[in-house]
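Data first, discussion second: the structure below is written as structure tokens.
Every number here is computed from the coordinates shown, using simple stated rules; none is lab data. Not measured: the values here are computed from a predicted model. Neighbour counts are summed over all protein chains in view; Cβ atoms, including those assigned to glycine, are modelled from backbone coordinates with ideal geometry.
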Amino acid sequence: MGVAIRTARESDRQLVVRLLDEAFQDDPVSGWVFPGEEYRRRTHHRLMAAFTDAVLADGRIDVTEDGAACALWLSVPAGENSGEERGDGGDDVPVLVREAVDPENERVELIARLTDGIHPSDRAHEYLWMIGVAPDRQGEGLGTALIESVLDRCDREGLPAYLEASSGRSRELYERLGFECTGRALDLPDGPRMWPMWREPRQSA
């Protein structure tokens, strides 16, 4: 039986924030941005809320019908990056996010700048910003189903896709779905490695 997927609405905001918060509590990059388990438990959800609001406004969030997984996507035109660095009004978005999430934590701002700096901008593409699966539902193929639903459209429309893998485990999953490392791994200062990954659209037989 296939996985039922729908587009999230504003009413799904808290569900998405909770899913992302729970799914990324043990993620290496989240652990770097919010070091310390207690601190991360208190603060991490604020960053996930900021990400959710940004994508609800400018992108699309897919959720499984049972509410166990979600994927945040942005459609990036050619000549632009993911838009994290500066908003349409010229505001410094990483600074605004840091002020809203945790003003004393420089890494909230830094992670946005570093990922923005490696984001490809020469071709239009779909950007998988984040994907979260409830911890007790991981390993059931929900994340794969969410990603493949968009990759199928990318293949039909001839669009590439891009993401940053934040762990070796997620990198292996994305490789199975056709993503390849761009060759420019991002080593966070005194922290883990992230892998920018690109997928060319597949031609139908």
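The table below gives the values:
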quantity: Sorted by Cβ neighbour density within 10 Å, fewest at the top, the residues E164, E157; calculated: E157, E164
quantity: Order by protection proxy (mean Cβ within 10 Å, highest first), peptides 44-51, 9-16, 62-69; calculated: 44-51, 62-69, 9-16
quantity: Cα-centre dipole for the chain with unit charges at Cβ (Lys and Arg positive, Asp and Glu negative), debye to 20; calculated: 380
quantity: Interchain or long-range residues, amide H under 5 Å from A8's placed H; calculated: I61, D62, V63
quantity: Dipole magnitude (debye, nearest 20) for the range 96-205, charges at Cβ of Lys, Arg, Asp, Glu; calculated: 320
quantity: Gained length - R6 relative to R42, 0.36 nm times residue gap less alpha-carbon distance; calculated: 10.0 nm
quantity: Dipole of the chain, positive direction: furthest Cα of V93, A54, L15, with charges on the beta-carbon; calculated: L15
quantity: Alpha-carbon spread of the chain, three principal axes, descending order, Å; calculated: 53, 38, 32
quantity: Structure-based [θ]222 nm, the chain - -39500 (n - 2.57) summed over DSSP H runs of at least 4, per residue, nearest 500; calculated: -13000 deg cm²/dmol
